[in-house]
1. Rounded to the nearest Å, what's the spacing between the alpha carbon centres of segment 301-373 and segment 89-106? Just the number, please.
2. Calculate the dipole size of segment 17-241 relative to its Cα centre from +1 charges on Lys and Arg beta carbons and -1 charges on Asp and Glu beta carbons; express the result in debye to the nearest 20.
3. With viscosity set to 1.002 mPa s at 20 °C, what whole-number translational diffusion coefficient in µm²/s follows for segment 257-476 from Stokes-Einstein and a Kirkwood radius over Cα pairs?
4. Classify segment 268-355 as rounded, prolate or oblate, taking a ≥ b ≥ c as the square roots of the eigenvalues of its Cα gyration tensor: rounded when a/c is under 1.5, otherwise prolate if a/b is larger than b/c and oblate if not.
5. Determine one quarter of the surface area of the Cα convex hull of segment 250-297, which equals its mean projected area, and express it in nm² to one decimal.
6. Among H204, H343, H106, which comes first, second and so on when ranked by fewest other beta-carbon atoms within 10 Å?
7. Within 10 Å of each residue's Cβ, count the other Cβ atoms and sort I526, I433 from fewest upward.
8. So for segment 17-241, what percent of the C-alpha to C-alpha distances run longer than 28 Å?
Amino acid sequence: MKKKVSKPTSPATRLPKCPTGIQGLDEITSGGLPRGRPTLVCGGAGCGKTLLAAEFLVRGAVQFDEPGVLMAFEETEKELTANVASLGFDLAGLIRRKKIVVDYVHVERSEVQESGEYDLEGLFIRLGHAIDFIGAKRVVLDTLEVLFASLPNEAILRAELRRLFRWLKEKGVTAVITAERGRESLTRHGLEEYVSDCVILLDHRVNDQIATRHLRVVKYRGSLHGTNEFPFLIAEDGISVLPITSLALNHKVSAGRIATGIHRLDAMLGGRGFFRGSSILITGTSGTGKTIIASNFAQAACRRGERVLFFSFEESPNQIIRNMHSIGLRLEPLVKKDLLRFHSARPSLYGLEMHLATMFREIATFKPHVVIIDPITSLMDAGTDSETKGMVTRLIDYLKAGQVTSLFTSLTLGGHALAQSESAMSSLMDAWILLQDFEGNGERNRVLYVLKARGMAHSNQIREFLISDWGIDLVDAYIGVSGVLTGSARVAQGALEKAAVLATQQEAAQLKREVERKRKALDRQISDLRSDYEGEALELRRIAEQVGTRTLVLGTERAASGLLRQADTKLAAITRNTHRNGKVS
């Protein structure tokens with residue numbers, strides 16, 4: 001019996017998308033708006049509905065070669081052309097090249113009276129002619145309220161709205177329709193959001209006297225999309241939506257290391273500095289030297305031929321350059337060579353999103369290898385803690401995606417440095433350096449230590465942080481039973497230790513001299529005893545020689561005397577023997 005082999009299911013057909021070309025919006029919508037379907041853009045006054053719709057048309061014509069039609073009910077062609085010119089769009093040129101058609105339809109409520117059956121047939125004919133004239137693929141209707149404001153009959157209004165959306169679908173154009181927001185619904189009539197395939201809500205709110213625009217995709221039939229609120233900006237080059245990028249945390253990483261410009265700090269980080277493309281946090285109270293470390297880091301990168309972008313929110317570029325002269329840093333030549341670029345602005349000038357968009361634009365233009373933000377805490381007053389952390393997250397993700405090394409300085413309050421920084425953004429950072437003040441003996445001294453450095457061996461020792469006319473130096477702090485000593489206390493303790501060592505050395509030298517004196521005295525005594533011994537031994541040998549000589553001479557003399565007396569030696573011998581044995585002859 002044969003087994004039935006199940007056929008593989010075909011993958012789901014992906015919904016055709018029409019890219020908008022608007023930075024960030026295509027990412028949120030996973031490719032753009034639904035192609036050949038109507039999209040509703042709703043929101044209050046001043047939130048950017050008309051500009052978003054116009055940019056959708058302009059970028060479609062310029063970037064994707066898709067002609068478009070803009071039918072306006074509030075602004076004339078001249079007004080629209082002037083308004084979008086502020087975003088850098090040449091709408092008049094596109095109209096001359098027949099890439100875009102702008103049709104202004106004037107609807108005056110006082111001139112419209114309901115008589116008999118009301119329909120939009122005339123509008124369809126007019127719009128259809130414009131579409132066919134240039135072969136339009138995109139259509140914008142701005143705005144629906146003006147078109148239907150004179151209709152008190154809600155039944156007719158609902159019928160004509162459905163008919164309008166169905167007609168746009170039949171024409172196969174990708175339509176963007178703007179509408180004003182209602183009090184209790186997304187739109188005034190409360191119907192457009194239901195018949196639209198995609199609904200985008202724009203919001204313009206003010207918190208703590210700072211205005212912020214937000215975008216949210218309320219619905220998108222047949223496609224996944226980002227459902228959160230995303231800040232967006234209207235800048236010189238158009239609209240940019242700022243989604244939280246790289247949610248999957250799939251950044252590329254580098255094993256390369258970059259020096260900090262401070263030799264002893266590099267030594268604390270394994271002798272090679274930070275990883276390239278990492279995010280670095282330097283925290284400390286006011287006056288601990290955060291900007292100085294950042295400036296050294298920038299100078300070291302520029303000397304390697306790398307570009308550095310320095311965002312400052314407290315000091316002007318000229319002030320930073322002047323202040324760095326006091327420690328021997330010369331930043332002007334680096335600025336003239338376009339290796340170092342400053343961007344300074346007060347935190348209160350914009351909201352968080354505007355600051356972030358400005359950073360993105362500067363980074364995209366300059367293409368730096370290193371980005372410095374000094375200090376990031378200045379932007380915290382421009383938003384809530386969650387908004388600030390979200391902004392830092394987006395910035396870090398954006399920089400890591402491009403393998404850009406980032407250094408953030410953070411101002412902390414005395415006594416709460418660790419707690420405040422950790423609750424804010426330290427968990428997002430790859431490396432964390434803490435600067436602190438030590439007060440004692442009538443002076444204030446700086447210390448530095450590495451709290452964390454992901455992926456690398458690093459020192460856990462405290463170093464005293466010295467700033468002088470010749471730059472920065474890190475020296476070993478004195479650590480003893482009395483604690484950590486810095487400044488003059490460290491110098492005094494060092495002097496005491498040197499004096500104790502010197503005294504010990506002197507005592508050892510004196511003892512060595514005494515031992516050497518005694519050794520020499522002993523050597524002299526041994527030499528004298530050896531001399532006495534050798535003299536007496538010589539005398540003893542001389543005496544022994546004299547005794548031997550005398551004995552020999554005496555024996556010789558006795559033998560010679562016997563011969564002279566002619567003694568009978570044999571008889572004398574017999575006689576001696578007889579007496580010895582006791583015999584008598």
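Here, each number is a calculation from the coordinates, and none is a lab measurement. These numbers come from a predicted model, not from an experiment. Positions of Cβ are backbone-derived with ideal geometry, glycine not excepted, and every protein chain shown enters the neighbour counts.
1. The distance from the Cα centre of segment 301-373 to that of segment 89-106 comes to 40 Å.
2. Details: 28 positive and 33 negative charges, 146 e Å.
Computed charge dipole of segment 17-241: roughly 700 debye.
3. Numbers: Rh = 17.5 Å.
Stokes-Einstein gives a translational diffusion coefficient of 122 µm²/s.
4. Cα axes put segment 268-355 in the rounded bin.
5. On the way: hull surface 16.1 nm².
Spelled out: convex hull of the Cα atoms, projected over all directions, averaged, 4.0 nm².
6. Fewest-to-most Cβ neighbours within 10 Å comes out as H106, H204, H343.
7. Listing I526, I433 from fewest to most nearby Cβ atoms yields I526, I433.
8. On the way: 6381 of 25200 pairs.
When every Cα pair of segment 17-241 is considered, 25 percent fall beyond 28 Å.
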